[in-house]
Structure formats: structure tokens, C-alpha cells
Amino acid sequence: MSVATAAQPLSFGRAARYRVERASIALGSALFMRAFHKLLQPKYPAPPRDQQIASQRRFKDLLEQDLVNVAAGHYPADLLFPDQIRQFLRVAPRGLLEIPKVLRRAKRQGFAELPEAANDGDYPKYYRRTFHWQTDGWFSEHSARMYDPSVEMLFAGTADTMRRMLVPDLASAFRRDAVSEPTILDIACGTGRFLSQLHQAFPTARLTGLELSPSYLAHARDQLGSSATLVHGNAESMPLADASFDAVTAIFLFHELPKDARRNVMRDALRVLKPGGTFAICASAQHHESSDIKDFLDAFPVFYHEPYYKGYLRDTLEEALVDCGFELVDARPAFVSKVVIGRKPDA
């Protein structure tokens, strides 16, 4: 039984439609975010022209890789055409009401303005913050509902695209090890967005999501139904058995952790992986491989509450993986993110 879809090269017309749709959404998102950033930091300078050109080149490279991956059969073409306009419109009223709240919170540096739910569980101190200046941090249904459209807007409609850049690496590992029904764990799975993509790419896989926020976990259950098993827990110390997964994935997680927590997560991922298993990471780009967009990266913690991001930019994930016991398989840029692939040694 195959763990991936059949090769399905797109027609010229569908490929052209994809490029036009992605470029249109990116333009609309960029105009909105530029205006929003002017409200957040009116005097902050724009990145230099050469870095703007580099960002545009990276964006186009990401789109072309997406088309290549579909043509190779790594995931279905349907993933290329999400109805993002409808998704944006569905939360637009809430989003417009959110803007003045975010601006006021940023102005008064209200990083600890959280609901009582933040005190109801055993949450690490670093987690109890209003990341991105978002209302309620990770601790409400409202936050969970707003998260995916907000991230897509921030990343010019490419958040899902960057996430699925991990799928070819997973497919390659499963073929290498002749695994037809892989067990995959997505840590810090959030709203279940990547688990949904994994379900479409690997319909025979047994999927598990781990998430620390009860609100996001509830939202993920609504979105995923029975396609994945969802577990409440901290990725630093997972309530999961040793050597129980063929692959572990982590999306947009490590830049929101302190340095020691990053390594705790990596070590526990190593523990729950089977020998030879794959750890696939999609994370923010870092200085050492993305100097061509350095000013974009440096601007992120200026506009948003990201207390661990500056340290993250210098804390090379590839080296951290090796230090924690993984073999480094690959590392490559993906627009404003990066893909890092580690493998648990066989012995």
C-alpha cells in the first residue's frame, strides 16, 4: 500500500492559475501587513532593496517547488488551491476588531495579559505570554480561531506551503525503510493544520498530534475529526512511549522556545522515535543560512512579542540536532523558513 499519491503533473493552465492566485494573495497580504506594521512601528525602516528582491526570489522558488512536489506525487494537487479568500473573510470581522487591541497591547508591552486559564495548568513560564501580541496568548477559543488566518496573512499566504515542504522528506524516508503505514507525531500541532495535510499526503498513516494548549487542541479536534489522535502535553516531556513513531514533525515551534527548551524538545523527540526514524522540522529561517533576508528576520521581534527570537536566530538548529544525538540529513531554505531533517541512529 502506497504512502504517497501518484505522480500528477499539472496542466499548463492549472499551474498558471496557481501562480496567479498565490501572487494575488501575496500582494494583498503584503499591502495589509505593510500598513499594519506602519501602525505598530511608524519609524522602522524598510529592508534594503537587495533584500526585498531576495525575498521575492525566495517566494517564487517556494511556489515552483510546490508544483514540483505535486508533479512528483508527494501530495495531492488539491492542497495547492485552498479557499483562503473565504477563510480570511470568515474571520475578517474579528480580525478588524483585533487590530486596535493588538496596537494598544504592543504600546503598553502587555506580554502577560492572559486569561485565568493560563493559571489552571502546569504551563512553563516561557509559554505564558501574549506571543505576537495576540489576545489571550495560547489560551482561548478566540486565539485558536484567529491563528491560521493571521499566520497566512503574515507569511503572504505561504504558511501552508512552507509546512508541506517536509512531506517529500518524509515520503523518501518511508520509501527507504519500506514503511507502508507510518506512525507520525506532530509536536506542538496547534490547530491541526499540518496534520490535515499529512492525512491527505499519507492516507494510510497513523497520525498523532501533541499540543499544550487545551483551546488549540479542542479546535484541532473540530478540524480533524477521527483522522488523528490528539494528546495534551508538553513537548519537552511527552506522555508517549519510547521508540513509538517512524517520524516526528515540528512546525514553527523552535523560535518560541528558550535555548534549553529547544534541546529538551529535541531530546524527547529522539526518545519517542524508532531507531532510524526521521525528525522533520519547518522553522523560521536563521542568520547563518539566510543572510540575504537578514533585515526581515531582525525586524520580526521588533514588531511582535517574540522574546526568544533574537537568540534563536544565532542558535543553529542543525548543530543543536547533532548535539542532541541526531544525524543531520538535510537543511535548506524555504522562503522565510527553513527545512531541517534529522535521523535517529539505528543503534
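Figures for the structure shown
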quantity: Tabulated pairs, region 33-60, first at positive phi and in contact (Cβ under 8 Å) with a residue 12 or more places away in the chain, second of a type in the set (Ser, Thr, Tyr) and assigned to a helix (DSSP H, G or I), C-beta under 9 angstrom, 6+ apart or interchain; calculated: none
quantity: Considering residues of region 217-227 that are surrounded by 19 or more Cβ atoms within 10 Å (Cβ to Cβ), among the hydrophobic types (A, V, I, L, M, F, W, C) and touching an Asp or Glu at 6+ places or on another chain (Cβ under 8 Å) only, the residue farthest from residue 271 (Cα to Cα); calculated: 220
quantity: Residue within region 244-258 that is farther than 21 Å from residue 161 by Cα, of a type in the set (Val, Ile, Thr) and assigned by TED's automatic domain parsing to the domain that holds residue 187 present; calculated: no
quantity: Residue list for region 92-134, restricted to those being among the charged types (D, E, K, R), closer than 18 Å to residue 36 by Cα and without any contact (Cβ under 8 Å) to a residue 40 or more places away in the chain; calculated: 101, 104, 105, 107, 108
quantity: Matching residues, region 66-91, being in contact (Cβ under 8 Å) with a residue 40 or more places away in the chain and more than 25 Å from residue 150 (Cβ to Cβ); calculated: 67, 69, 70, 71, 72, 73, 74, 76, 77
quantity: Residue match in region 113-133 (condition: β-branched (Val, Ile, Thr) and touching a helix residue (DSSP H, G or I) at 6+ places or on another chain (Cβ under 6 Å)); calculated: no
quantity: Any hit, region 40-56, residues being surrounded by fewer than 13 Cβ atoms within 10 Å (Cβ to Cβ), assigned by TED's automatic domain parsing to the domain that holds residue 289 and of a type in the set (Phe, Trp, Tyr); calculated: yes
quantity: Exclusive hit being assigned by TED's automatic domain parsing to the domain that holds residue 39, touching a helix residue (DSSP H, G or I) at 6+ places or on another chain (Cβ under 7 Å) and either under 25 Å from residue 65 (Cβ atoms) or of a type outside the set (Val, Ile, Thr) (or both), set 311, 276; calculated: 311
quantity: Considering residues of region 111-145 that are in contact with a Lys or Arg (Cβ under 6 Å, 6 or more places away or on another chain) and in a helix (DSSP H, G or I) only, the residue surrounded by the most Cβ atoms within 10 Å (Cβ to Cβ); calculated: 133
quantity: Of all residues making up region 166-215, the number that are under 30 Å from residue 116 (Cα atoms) and among the aliphatic types (A, V, I, L, M); calculated: 6
quantity: Any hit, region 63-77, residues being modelled with pLDDT of 95 or more and among the acidic types (Asp, Glu); calculated: yes
quantity: Selected residue (criterion: nearest to the chain's Cα centre (by Cα)) from residues of region 294-346 that are aromatic (Phe, Trp, Tyr) and within 30 Å of residue 26 (Cα to Cα); calculated: 335
quantity: Among (1) among the β-branched types (Val, Ile, Thr); (2) crowded, with 21+ Cβ neighbours inside 10 Å; (3) out of contact with any His (no Cβ under 6 Å at 6 or more places or on another chain) - the single one residue 167 does not satisfy; calculated: (3)
quantity: From the options 144, 159, 106, 117, residue that is of a type in the set (A, V, I, L, M) and at pLDDT below 95; calculated: 117
quantity: Some residue of region 249-258 being more than 15 Å from residue 127 (Cα to Cα), surrounded by fewer than 18 Cβ atoms within 10 Å (Cβ to Cβ), modelled with pLDDT of 95 or more and not charged (D, E, K, R); calculated: no
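For every residue, the table says whether it meets (1) touching a residue at least 40 places away in the same chain (Cβ under 8 Å); (2) of a type outside the set (Asp, Glu); (3) in a loop (DSSP other than H, G, I, E, B).
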residue: 237; (1), (2), (3): no, yes, yes
residue: 242; (1), (2), (3): no, no, yes
residue: 249; (1), (2), (3): yes, yes, no
residue: 263; (1), (2), (3): yes, yes, no
residue: 268; (1), (2), (3): no, no, no
residue: 278; (1), (2), (3): yes, yes, no
residue: 282; (1), (2), (3): yes, yes, no
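The values are calculated or read from the model by the stated rules, or taken from the named source; none is laboratory data. Only a predicted model underlies this, so the values are computations on that prediction, with no experimental measurement involved. Cβ: placed from backbone, ideal geometry, glycine included. Neighbour counts: every protein chain shown.
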